[in-house]
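Q: Shown below is the structure under consideration.
The values are calculated or read from the model by the stated rules, or taken from the named source; none is laboratory data. Here the structure is a predicted model, which means the values were calculated and not measured. All Cβ positions, even for glycine, are placed from backbone atoms using ideal geometry, and neighbour counts span all protein chains on display.
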Amino acid sequence: MESTTENKKPKRTIKTIAKTKTPIPEQKPEVRVTNFSEVSLGYTEDQALAEAARCIHCKKPTCIAGCPVEINIPAFIKAVEERRYREAYEIIKQDNILPAICGRVCPQESQCELTCVVGHKLESVGIGRLERFVGDMALKEGWAEVKEEIKPSGHKAAMIGSGPASITCAVDLARAGVDVTIFEALHTAGGVLKYGIPEFRLPKALIDRELRMLQKLDVKVVTNAIIGRLYTIPQMMQEMGFETVFIAVGAGYPNFMNIPGEGYNGIFSANEYLTRVNLMAGYEHPTNDTPVGMGKNVAVIGSGNTAMDACRVSLRMGAENVYCVYRRTRKESPARAEELEHAIEEGVQFHWLTAPISIIGDDNGWVKAMECIRMELGEPDSSGRRRPIPKEGTEFLFEVDTVVYAIGTSANPIIAQTTPGLEVNKWGYIKVDEETQMTSLPGVFAGGDIVTGGATVILAMGAGRVASRAMLKHMGIAPPPRPPRPELGRVSKKLKK
Amino acid sequence: MSKIIKREQYSPVTYMWELEAPEIAKAAMPGHFVIIRHGKGGERIPLTIADFDRTRGTITLVIQAVGKTTMELMDLEQGEDLDDLVGPLGSGRHIEARRKVVCVAGGLGVAPVYPQLRAYKEAGARTISIVGFRSKNLMFWLDRFESQSDELLITTDDGSHGTKGFVTTALKQVLEREQDIDEVLAIGPAVMMKACAEMTRPREIHTVVSLNPIMVDGTGMCGGCRVTVGGKMVFACVDGPEFDGHAVDFDELLLRAKRFEREEQESLERLKQEKPHVCRIGL
């Protein structure tokens with residue numbers, strides 16, 4: 001019966017599919033600002049099937065090229081459509097071992113969903129939502145817990161940092177039989193996934209479950225190990241027997257603006273603020289010991305994803321007013337569209353074209369106001385975005401008791417200071433060969449934010465992937481064969497930009 | 001995890017742990033610190049390494065029970081494991097040869113001064129140590145100081161031992177008497193370090209202080225430990241915690257130490273209700 005119906009079905013084209021993405025259920029804004037539970041609830045099976053049926057299976061798909069780790073997207077969507085969920089998971093897993101995480105935090109709208117052919121005419125296929133659906137099901141069913149058969153190669157490699165770049169690199173190397181050890185400076189693994197991204201976007205329990213995969217591959221994770229202090233890289237290579245080392249420590253050295261008053265109490269870097277709330281679960285103070293120490297009127301400076309996280313955390317921490325202060329406009333805001341929309345829905349008050357010029361404190365050393373100035377946009381600067389210029393005479397006071405700086409991070413200097421011969425650029429980021437991710441030191445590779453500056457989870461994972469191939473080659477190991485994939489379509493240059 | 005191989009109680013509020021940490025001991029230098037964390041929901045506490053023994057593979061910490069966490073940790077017994085220990089952190093100090101140095105230690109500052117005092121001595125300096133406590137019953141490590149000091153001066157606020165007064169009382173005398181001091185190291189409460197730095201400033205004697213601002217990760221990630229030194233913002237965890245005492249903005253440091261006063265008080269009150277035994281130490 002089934003097959004007859006299918007035979008009669010008209011061919012699926014851009015004209016026959018639903019014009020918009022299947023909506024994803026979410027907690028209502030007024031409810032979610034009172035809790036730290038996940039905002040987006042994920043597709044049900046029916047919703048996933050409906051969305052999978054929007055993929056028109058292009059002869060030459062362009063979505064894959066939009067993905068930094070090149071997941072075979074059409075194949076996994078087809079498997080979902082045919083309810084072969086386990087297979088869908090296996091297809092994703094070949095290229096991405098963290099689908100439940102990436103399905104939640106990737107900026108799909110500027111990657112796979114941007115290059116999706118359907119997206120040229122209609123709303124693109126909800127690739128990220130489908131990836132999350134598959135990732136969540138794999139976790140629920142325990143598919144990720146299966147031990148893989150690996151033949152040891154007798155080679156040894158170390159990862160520094162346990163964020164997305166290292167995890168990807170570690171898994172690729174482990175699958176090729178390399179004995180991999182991950183060194184993490186904090187007391188728990190996951191890097192920025194743990195300290196940076198809030199619970200309501202990425203639940204911590206989910207990260208831990210997804211990371212169990214590392215154990216199945218016999219990857220060792222050593223927490224509380226700060227490289228550059230406990231061991232240096234030369235020591236790791238000469239005394240500890242690591243043939244290759246991958247540096248992926250993140251950027252995580254917070255920037256301040258260098259304006260008067262930055263020492264007052266109530267001023268945080270977003271890193272500190274989010275670490276107190278996320279990693280140390282400060283929202284559960286006093287049940288948990290780490291306090292957050294925030295006030296009622298919060299100004300968050302910056303408008304990237306981290307700024308959105310800080311704004312939305314503030315609302316959930318009980319702030320009465322949360323102001324997002326950004327010197328450019330919404331158009332230039334580097335945040336993902338979804339994060340911005342969520343923040344607006346939740347009641348964050350945006351002050352575009354506004355920049356702080358000083359912070360004013362009370363007699364006890366606490367912030368009481370922030371002096372700001374309005375801006376206007378001039379000619380494009382080196383980043384291609386129009387340069388904000390202060391409008392004289394528009395200075396005004398913002399009464400706030402908490403200020404959070406989310407204006408980016410610099411390179412942490414510890415590794416560079418303790419690794420002779422490791423070349424860094426003028427901002428302190430590690431210089432690498434783009435083809436291989438190898439640094440100026442043979443056998444030492446680097447990737448993720450410590451190379452690029454603050455970027456995304458998936459770009460870090462892409463760097464981990466590139467590095468793993470070069471590291472295998474460096475150690476004289478043939479990389480495991482990749483499964484066959486469709487011929488890739490060409491992505492237009494305009495989109496690539 | 002790290003085992004507490006030796007534990008001693010120095011006073012009702014001060015205790016010492018010798019922790020099994022061979023790798024940290026191997027890498028440790030004077031001036032380094034560690035971060036400890038224990039139990040579910042436990043906070044990260046930075047503590048300067050008070051001693052390290054590379055042959056035994058241990059480091060020593062001296063802890064003062066001042067808040068909820070440090071009071072609760074007082075319950076851990078010899079032989080038990082501490083969940084998390086990370087280090088060595090900070091830039092550490094390569095102590096070079098000096099002719100004459102004065103090491104000033106106030107209260108708990110005795111612990112972090114000790115490895116530096118020993119390094120000065122090993123580098124061939126004549127060492128004058130000034131150690132101050134509030135009262136006789138809080139004193140510890142005088143024997144260790146004795147062994148590394150050419151001269152040891154002890155002060156107590158209440159006069160129960162040594163000279164009555166503060167460490168600055170003794171420092172003033174030493175400064176008047178000695179004309180060829182190369183360096184002063186002063187570690188203790190921020191007000192004490194500030195006072196010492198003010199005393200040496202007119203004579204332009206290089207004065208090293210060790211700051212203990214509030215921090216979370218201790219690796220440069222949070223920026224909570226930012227301090228102003230010579231008009232520039234620096235992170236104590238990566239750039240310090242040792243700095244030129246004449247360049248440190250102590251007033252800002254003192255204000256920033258009060259960031260979590262209210263929350264800390266709340267936590268203490270809560271602890272008193274939950275575990276009355278821990279808080280019978282008369283704080």
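Q: So A:Q238 fits all but one of (1) more than 30 Å from A:I301 (Cα to Cα); (2) within 11 Å of another protein chain (Cβ to nearest Cβ); what number is the exception?
A: Evaluating A:Q238 over (1) more than 30 Å from A:I301 (Cα to Cα); (2) within 11 Å of another protein chain (Cβ to nearest Cβ) leaves (2) as the failure.
Q: Does segment B:50-57 contain any residue that is within 11 Å of chain A (Cβ to nearest Cβ) and either closer than 24 Å to B:T219 by Cα or in contact with a Gly (Cβ under 7 Å, 6 or more places away or on another chain) (or both)?
A: Narrowing segment B:50-57 to residues within 11 Å of chain A (Cβ to nearest Cβ): none.
Within segment B:50-57, not a single residue is within 11 Å of chain A (Cβ to nearest Cβ) and either closer than 24 Å to B:T219 by Cα or in contact with a Gly (Cβ under 7 Å, 6 or more places away or on another chain) (or both).
Q: Taking A:G293 and the conditions (1) within 13 Å of A:V404 (Cβ to Cβ); (2) touching a residue at least 60 places away in the same chain (Cβ under 8 Å), which numbered condition does it fall short on, given that it satisfies the others?
A: With (1) within 13 Å of A:V404 (Cβ to Cβ); (2) touching a residue at least 60 places away in the same chain (Cβ under 8 Å) applied to A:G293, the lone miss is (2).
Q: Going through segment B:130-143 one residue at a time, which ones are surrounded by 19 or more Cβ atoms within 10 Å (Cβ to Cβ) and not aromatic (F, W, Y)?
A: Within segment B:130-143, B:I130, B:V131, B:G132, B:L138, B:M139 meet the criteria.
Q: Only one of A:T223, A:T232, A:T244 is away from chain B (no Cβ under 14 Å) and over 17 Å from B:I214 (Cα atoms); which? Working first, answer last.
A: Numbers: A:T223 fails: away from chain B (no Cβ under 14 Å); A:T232 fails: away from chain B (no Cβ under 14 Å).
Sole residue among the options that is away from chain B (no Cβ under 14 Å) and over 17 Å from B:I214 (Cα atoms): A:T244.
Q: How do the pairs read when you match residues in segment B:259-270 that are at the interface with chain A (Cβ under 7 Å from one of its Cβ atoms) and assigned to a helix (DSSP H, G or I) with residues anywhere that are surrounded by 13 or more Cβ atoms within 10 Å (Cβ to Cβ) and charged (D, E, K, R), using Cβ under 6 Å and keeping only pairs 6 or more apart or on different chains?
A: Between residues of segment B:259-270 that are at the interface with chain A (Cβ under 7 Å from one of its Cβ atoms) and assigned to a helix (DSSP H, G or I) and residues that are surrounded by 13 or more Cβ atoms within 10 Å (Cβ to Cβ) and charged (D, E, K, R), the close pairs are B:S267/B:K68.
Q: Still on this structure, I have one more. Looking at (1) outside any helix (DSSP H, G or I); (2) at the interface with chain B (Cβ under 7 Å from one of its Cβ atoms); (3) touching a residue at least 60 places away in the same chain (Cβ under 8 Å); (4) surrounded by 20 or more Cβ atoms within 10 Å (Cβ to Cβ), which one does A:F256 not meet, given that it meets all the others?
A: (4)
The rows are residues; the columns are (1) aliphatic (A, V, I, L, M); (2) free of Cβ contacts under 8 Å to residues at least 12 places away in the same chain; (3) in contact with a helix residue (DSSP H, G or I) (Cβ under 9 Å, 6 or more places away or on another chain).
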residue: A:T394; (1), (2), (3): no, no, no
residue: A:I407; (1), (2), (3): yes, no, yes
residue: A:L422; (1), (2), (3): yes, no, yes
residue: A:G428; (1), (2), (3): no, no, yes
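Q: So, in segment A:119-137, of the ones that are aliphatic (A, V, I, L, M) and at pLDDT 95 or above, which residue ends up farthest from A:A100 (Cα to Cα)?
A: So in segment A:119-137, the residues aliphatic (A, V, I, L, M) come out as A:122, A:125, A:127, A:130, A:134, A:137.
Of the ones still in play, those that are also at pLDDT 95 or above are A:125, A:127, A:130, A:134, A:137.
On the way: A:V125: 18, A:I127: 12, A:L130: 10, A:V134: 7, A:M137: 9 Å.
Among them, the one singled out is A:V125.
Q: Moving to a separate point now. Could you pull out every one of the helices (runs of 4 or more DSSP H) wholly within segment B:121-240 that has 2 or more residues that are farther than 30 Å from A:Y253 by Cα and among the hydroxyl-bearing types (S, T, Y)? Reasoning before the result, please.
A: Numbers: elements: B:142-148, B:167-177, B:190-200, B:236-239.
Hits in segment B:121-240: B:167-177.
Q: Quickly run through segment A:106-139 and pick out the residues that are among the aliphatic types (A, V, I, L, M) and surrounded by fewer than 24 Cβ atoms within 10 Å (Cβ to Cβ).
A: The first filter runs over segment A:106-139 and keeps only residues among the aliphatic types (A, V, I, L, M), leaving A:114, A:117-118, A:122, A:125, A:127, A:130, A:134, A:137-139.
Listed by number, the residues that qualify are A:L114, A:V117, A:V118, A:L122, A:M137, A:L139.
Q: Kindly evaluate B:G107 against the criterion of being at positive phi, touching a residue at least 24 places away in the same chain (Cβ under 8 Å) and not hydroxyl-bearing (S, T, Y). Can you show your working first?
A: On the way: at positive phi: yes; touching a residue at least 24 places away in the same chain (Cβ under 8 Å): yes; not hydroxyl-bearing (S, T, Y): yes.
The answer is yes for B:G107.
Q: Just one of A:E371, A:E339, A:E345 is surrounded by fewer than 21 Cβ atoms within 10 Å (Cβ to Cβ) and over 22 Å from A:E399 (Cβ atoms); which is it? Steps first, please.
A: Working: A:E371 fails: over 22 Å from A:E399 (Cβ atoms); A:E339 fails: surrounded by fewer than 21 Cβ atoms within 10 Å (Cβ to Cβ).
Selected residue: A:E345, the only one of A:E371, A:E339, A:E345 that is surrounded by fewer than 21 Cβ atoms within 10 Å (Cβ to Cβ) and over 22 Å from A:E399 (Cβ atoms).
Q: If A:A251 satisfies all but one of (1) within 11 Å of chain B (Cβ to nearest Cβ); (2) out of contact with any Asp or Glu (no Cβ under 6 Å at 6 or more places or on another chain); (3) under 29 Å from A:D433 (Cβ atoms), what's the number of the condition it fails?
A: Evaluating A:A251 over (1) within 11 Å of chain B (Cβ to nearest Cβ); (2) out of contact with any Asp or Glu (no Cβ under 6 Å at 6 or more places or on another chain); (3) under 29 Å from A:D433 (Cβ atoms) leaves (2) as the failure.
Q: Which condition does A:E184 not pass, out of (1) charged (D, E, K, R); (2) farther than 22 Å from A:G462 by Cα; (3) within 14 Å of another protein chain (Cβ to nearest Cβ), if it passes all the others?
A: (2)
Q: Report, by residue number, each residue of segment B:95-112 that is part of a loop (DSSP other than H, G, I, E, B) and either surrounded by 21 or more Cβ atoms within 10 Å (Cβ to Cβ) or under 18 Å from the mean Cα position of the chain (by Cα) (or both). Before the answer, list the steps.
A: Initially, segment B:95-112 is screened for residues part of a loop (DSSP other than H, G, I, E, B), giving B:95-99.
Matches in segment B:95-112: B:I95 only.
Q: I would also like to ask the following. For the list (1) of a type in the set (A, V, I, L, M, F, W, C); (2) closer than 30 Å to A:G161 by Cα; (3) away from every other protein chain (no Cβ under 14 Å); (4) more than 20 Å from the chain's Cα centre (by Cα), I need the number of the one condition that B:C222 fails.
A: Exception for B:C222: condition (3).
Q: Test of understanding: among B:K194, B:K164, which residue is among the basic types (K, R) and within 16 Å of the chain's Cα centre (by Cα)?
A: On the way: B:K164 fails: within 16 Å of the chain's Cα centre (by Cα).
Step by step, each of B:K194, B:K164 is checked, and only B:K194 is among the basic types (K, R) and within 16 Å of the chain's Cα centre (by Cα).
Q: If you don't mind, there's one more thing I want to ask. Answer yes or no as to whether B:L117 is touching a Gly at 6+ places or on another chain (Cβ under 7 Å), among the hydrophobic types (A, V, I, L, M, F, W, C) and touching a residue at least 60 places away in the same chain (Cβ under 8 Å). Working first, answer last.
A: On the way: touching a Gly at 6+ places or on another chain (Cβ under 7 Å): no; among the hydrophobic types (A, V, I, L, M, F, W, C): yes; touching a residue at least 60 places away in the same chain (Cβ under 8 Å): yes.
For B:L117, the condition - touching a Gly at 6+ places or on another chain (Cβ under 7 Å), among the hydrophobic types (A, V, I, L, M, F, W, C) and touching a residue at least 60 places away in the same chain (Cβ under 8 Å) - is not met.
Q: Looking for whichever is within 19 Å of A:V192 (Cα to Cα) and more than 14 Å from chain B (Cβ to nearest Cβ) here; the options are A:A307, A:A281. Which one fits?
A: Values: A:A281 fails: more than 14 Å from chain B (Cβ to nearest Cβ).
Only one candidate passes the filter, namely A:A307.
Q: In addition: Identify all residues within segment B:32-44 that are at the interface with chain A (Cβ under 9 Å from one of its Cβ atoms), in a strand (DSSP E or B) and of a type outside the set (K, R); write none if there are none. Step through it out loud before you land on a result.
A: Filtering segment B:32-44 for residues at the interface with chain A (Cβ under 9 Å from one of its Cβ atoms) gives B:32, B:35, B:37, B:39-44.
Of the ones still in play, those that are also in a strand (DSSP E or B) are B:35, B:37.
If the condition is that a residue be at the interface with chain A (Cβ under 9 Å from one of its Cβ atoms), in a strand (DSSP E or B) and of a type outside the set (K, R), then B:I35 is the only one that fits.
Q: Ok, one more. Which is at pLDDT 95 or above, surrounded by 19 or more Cβ atoms within 10 Å (Cβ to Cβ) and not aromatic (F, W, Y), of B:A186, B:A247, B:A236? If you could, list the steps in order and put the result at the bottom.
A: Details: B:A247 fails: surrounded by 19 or more Cβ atoms within 10 Å (Cβ to Cβ); B:A236 fails: at pLDDT 95 or above.
Sole residue among the options that is at pLDDT 95 or above, surrounded by 19 or more Cβ atoms within 10 Å (Cβ to Cβ) and not aromatic (F, W, Y): B:A186.
Q: Taking segment A:220-248, which residues are touching a residue at least 60 places away in the same chain (Cβ under 8 Å), more than 22 Å from B:S2 (Cβ to Cβ) and among the polar types (S, T, N, Q)?
A: Within segment A:220-248, just A:T244 meets the criteria.
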